[in-house]
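The values are calculated or read from the model by the stated rules, or taken from the named source; none is laboratory data. Everything quoted here is computed from the prediction, not taken from an experiment. Every residue, glycine as well, gets a Cβ built from its backbone with ideal geometry; the counts of neighbours run over all protein chains shown.
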Amino acid sequence: MQEKILILDFGSQTTQLIGRRVRELDTFCEIVPYNKFPKDDKSIIGVILSGSPYSVYDKEAFKIDLSEIRGKYPILGICYGAQFMSYALGGKVEPANTREYGRANLKTFDHENPLFKGFDENSQVWMSHGDTITELPAGFKVIASTDKVKNAAYQAENEKLWGVQFHPEVFHSTQGTQLLKNFVVDICGGKQDWSAASFIDTTVAELKAQLGNDRVILGLSGGVDSSVAAVLLNKAIGKNLTCIFVDHGMLRKNEFTDVLHDYECLGLNVIGVDASEKFFADLAGVTEPEKKRKIIGRDFVEVFDAEARKITDARWLAQGTIYPDRIESLNITGKVIKSHHNVGGLPEEMHLQLCEPLKWLFKDEVRRVGKQLGMPEHLIKRHPFPGPGLAVRILGDITREKVRILQDADDIFIRGLREWVDTDGVTLYDKVWQAGAILLSTVRSVGVMGDERTYENPVALRAVTSVDAMTADWAHLPYEFLGKVSNEIINKVRGVNRVCYDISSKPPATIEWE
Ligand code: XMP
């Protein structure tokens, strides 16, 4: 049985980050809503209580019956998690005079306490709280303080129960990883046996048992998740896996042939379907972004269905769904909502069962598994790319000519990012989360080329840094790089006479323009 740390989510923005940090310690973990503790799960070795947007005194505050976990597992409460335990067990929590946000120094702490093993004299931690614990419950002892917060960390005496007011999961807590390691490994006894290699071994064995000699269909997009899912399944069931890769005509320059070639080199049984005629015909004259998306989505399902139906004995539909797509997240009203779950649109009468081999992995783990499987770097490190492709990067209606212009400009930009090695030896491509060019085909501006006056379209370049695409910052690309790319695009791409760089963050802008 794979041992795990259970993370109870009280709605904090950093809950997923706690999960990723625990996984980085080569320990499996699961995040569940605060009120869904899996009582019968025998694989739990410790419990972490997350932060929350609420104060313990709020009417709507998320509360649990601590007796379900107290004394049964080692427990670590973080921020609200610490306040809640203290409050529920008889301590006092009060609003601080001002909300404390930012770095603080853990000045005094109990050096002997196992939670602080290996800590430096002055350890920097990250605070973000409006309430503060003013009195600990009877039998609890304070084990660390900062200038402003007396009860910055506590332990219930003779119990494996700790609370910390700060956020060890946040990068700015310099020894946060050490603290989590102390909890997960030393206190909970984690064996640190969760690795890409162990995941592959276990999953391949499970897939073999689950799928037997059944035939499986998988839709490839060129993206990391579906590609890794395919290679994993191929390892488990080989030729019983049939992959379908649809070209809607709005992929990047040469992407369809390049990626198809990569897939074939990986030994995948893959059918490439060029359906671009159908997509261009159905999109003719359509300018509204959501309408474009709907048409592409519908056409995609139609094309995929037609191919899938040819595999008459298929029993399973495999997908590259990953953990963040499935974590039940809490919204502020306390309702459990599911983030979108991209179950393709195959008709029910096909009776296909769903197989999701990556459903427990975070994105960085998917990449590690891909690497361990021997997949080429350029496939594993690929930026995310929207399903509707360049259709949502061309303002206004879509024609083959506009796609050609955008593909050429985008190709210069992306190749440039791959080739430009920054001072620290990392390419700009690897430094940004996502990048691409946008054709502003509803805008024309005057330019001059040689002796000729031009009246053509501008191209916008967009590159962002992000951790999950929920928020994003514009990437601070070097001016020299932007100058070089702009020159090359204007000189080489017919139809473009101006290049702009998008310096908007998300929110309030979005990553895509449409
Ligand atoms: P936005 O533009 O909403 O994008 O900031 C966030 C992330 O989602 C991608 N995106 C899409 N992906 N179909 C997709 O499969 C879509 O219609 C779509 N729209 C945006 C976008 O590229 C970014 O990674």
Can you tell me which condition Gly416 does not meet? The list is (1) closer than 17 Å to Gly495 by Cβ; (2) buried (at least 20 other Cβ atoms within 10 Å of the Cβ), and all the others hold. (1)
Please indicate, with yes or no, whether at least one residue in region 216-227 is more than 24 Å from the chain's Cα centre (by Cα) and modelled with pLDDT of 95 or more. yes
Listed by first then second residue, the pairs whose first member lies in region 259-280 and is part of a strand (DSSP E or B), whose partner is surrounded by fewer than 17 Cβ atoms within 10 Å (Cβ to Cβ) and not aliphatic (A, V, I, L, M), with beta carbons under 9 Å and at least 6 positions apart or on separate chains, are Val270/Glu264; Ile271/Lys310; Gly272/Thr257
Residue that is nearest to Asn487 (Cα to Cα) [pool: residues in region 426-462 that are within 15 Å of the ligand (Cβ to nearest atom), among the small types (Gly, Ala, Ser) and touching a helix residue (DSSP H, G or I) at 6+ places or on another chain (Cβ under 7 Å)]: Ala437
Those residues of region 89-122 which are at pLDDT below 95, outside any strand (DSSP E or B) and either aliphatic (A, V, I, L, M) or in contact with a strand residue (DSSP E or B) (Cβ under 6 Å, 6 or more places away or on another chain) (or both), in sequence order: Asp110, Asn122
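Table: residues versus (1) touching a residue at least 60 places away in the same chain (Cβ under 8 Å); (2) of a type in the set (S, T, N, Q).
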position: Leu76; (1), (2): yes, no
position: Gly90; (1), (2): no, no
position: Gly139; (1), (2): no, no
position: Ser145; (1), (2): no, yes
List the residue pairs whose Cβ atoms are under 7 Å apart, where the first residue sits in region 497-514 and is over 21 Å from Arg293 (Cβ atoms), the second is surrounded by fewer than 16 Cβ atoms within 10 Å (Cβ to Cβ) and small (Gly, Ala, Ser), and the two are 6 or more positions apart or on different chains. Asn497/Ser445; Asn497/Gly447; Arg498/Ser445; Arg498/Gly447
Restricting the search to region 107-136, which residues are more than 33 Å from the chain's Cα centre (by Cα), crowded, with 19+ Cβ neighbours inside 10 Å and among the β-branched types (Val, Ile, Thr)? Ile133
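Report yes if Gly222 is surrounded by fewer than 22 Cβ atoms within 10 Å (Cβ to Cβ), assigned to a loop (DSSP other than H, G, I, E, B) and touching a strand residue (DSSP E or B) at 6+ places or on another chain (Cβ under 8 Å), otherwise no. If you could, list the steps in order and put the result at the bottom.
Working: surrounded by fewer than 22 Cβ atoms within 10 Å (Cβ to Cβ): yes; assigned to a loop (DSSP other than H, G, I, E, B): yes; touching a strand residue (DSSP E or B) at 6+ places or on another chain (Cβ under 8 Å): yes.
The answer is yes for Gly222.
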Please find, among Val231, Val204, the residue that is without any contact (Cβ under 8 Å) to a residue 40 or more places away in the chain, within 24 Å of the chain's Cα centre (by Cα) and part of a helix (DSSP H, G or I). Val204
So which pairs qualify, if the first residue must be in region 429-451 and over 20 Å from Asp408 (Cα atoms), the second must be within 16 Å of the ligand (Cβ to nearest atom) and among the β-branched types (Val, Ile, Thr), the Cβ gap must be under 8 Å, and the two must be at least 6 apart or on different chains? Lys431/Thr465; Val432/Val464; Val432/Thr465; Trp433/Val464; Trp433/Thr465; Trp433/Val467
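Tell me the residue from Ser12, Ser86, Ser43 that is in contact with a Cys (Cβ under 8 Å, 6 or more places away or on another chain) and among the hydroxyl-bearing types (Ser, Thr, Tyr), please.
Working: Ser86 fails: in contact with a Cys (Cβ under 8 Å, 6 or more places away or on another chain); Ser43 fails: in contact with a Cys (Cβ under 8 Å, 6 or more places away or on another chain).
Checking each option against the conditions leaves just Ser12.
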Set Gly334, Gly344: member being at positive phi and at pLDDT below 95: Gly334
Taking region 386-408 on its own, how many of its residues are farther than 10 Å from Lys292 by Cβ, within 16 Å of the ligand (Cβ to nearest atom), among the hydrophobic types (A, V, I, L, M, F, W, C) and in a helix (DSSP H, G or I)? 2
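How about region 466-514: which of its residues are charged (D, E, K, R), within 11 Å of the ligand (Cβ to nearest atom) and within 25 Å of Ile398 (Cβ to Cβ)? I'd like the intermediate steps shown before the answer.
Initially, region 466-514 is screened for residues charged (D, E, K, R), giving 468, 473, 480, 484, 488, 492, 494, 498, 502, 506, 512, 514.
Remaining after also requiring within 11 Å of the ligand (Cβ to nearest atom): 468, 506, 512, 514.
Answer for region 466-514, where residues must be charged (D, E, K, R), within 11 Å of the ligand (Cβ to nearest atom) and within 25 Å of Ile398 (Cβ to Cβ): Lys506, Glu512, Glu514.
Okay, residues lined up against (1) under 14 Å from the mean Cα position of the chain (by Cα); (2) at pLDDT 90 or above; (3) more than 16 Å from the ligand (Cβ to nearest atom); (4) exposed (fewer than 13 other Cβ atoms within 10 Å of the Cβ):
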residue: Glu307; (1), (2), (3), (4): no, yes, yes, no
residue: Met350; (1), (2), (3), (4): no, no, yes, no
residue: Lys371; (1), (2), (3), (4): no, yes, yes, no
residue: Met375; (1), (2), (3), (4): no, yes, yes, no
residue: Lys381; (1), (2), (3), (4): yes, yes, no, no
residue: Pro384; (1), (2), (3), (4): yes, yes, no, no
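Per-residue answers, yes or no, for (1) among the small types (Gly, Ala, Ser); (2) outside any strand (DSSP E or B):
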site: Val464; (1), (2): no, no
site: Val467; (1), (2): no, yes
site: Phe481; (1), (2): no, yes
site: Val499; (1), (2): no, no
site: Ala509; (1), (2): yes, yes
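Here's the yes/no breakdown for (1) surrounded by 11 or more Cβ atoms within 10 Å (Cβ to Cβ); (2) more than 26 Å from Pro384 (Cα to Cα); (3) touching a strand residue (DSSP E or B) at 6+ places or on another chain (Cβ under 8 Å):
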| position | (1), (2), (3) |
| --- | --- |
| Met449 | yes, yes, yes |
| Tyr455 | no, yes, yes |
| Ala460 | yes, no, yes |
| Val464 | yes, no, yes |
| Val467 | yes, no, no |
| Phe481 | yes, no, no |
| Glu488 | yes, no, no |
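Assess whether Gly81 counts as being surrounded by fewer than 16 Cβ atoms within 10 Å (Cβ to Cβ) and either on the phi > 0 side of the Ramachandran plot or part of a helix (DSSP H, G or I) (or both).
Numbers: surrounded by fewer than 16 Cβ atoms within 10 Å (Cβ to Cβ): no; either on the phi > 0 side of the Ramachandran plot or part of a helix (DSSP H, G or I) (or both): yes.
Spelling it out, it is not the case that Gly81 is surrounded by fewer than 16 Cβ atoms within 10 Å (Cβ to Cβ) and either on the phi > 0 side of the Ramachandran plot or part of a helix (DSSP H, G or I) (or both).
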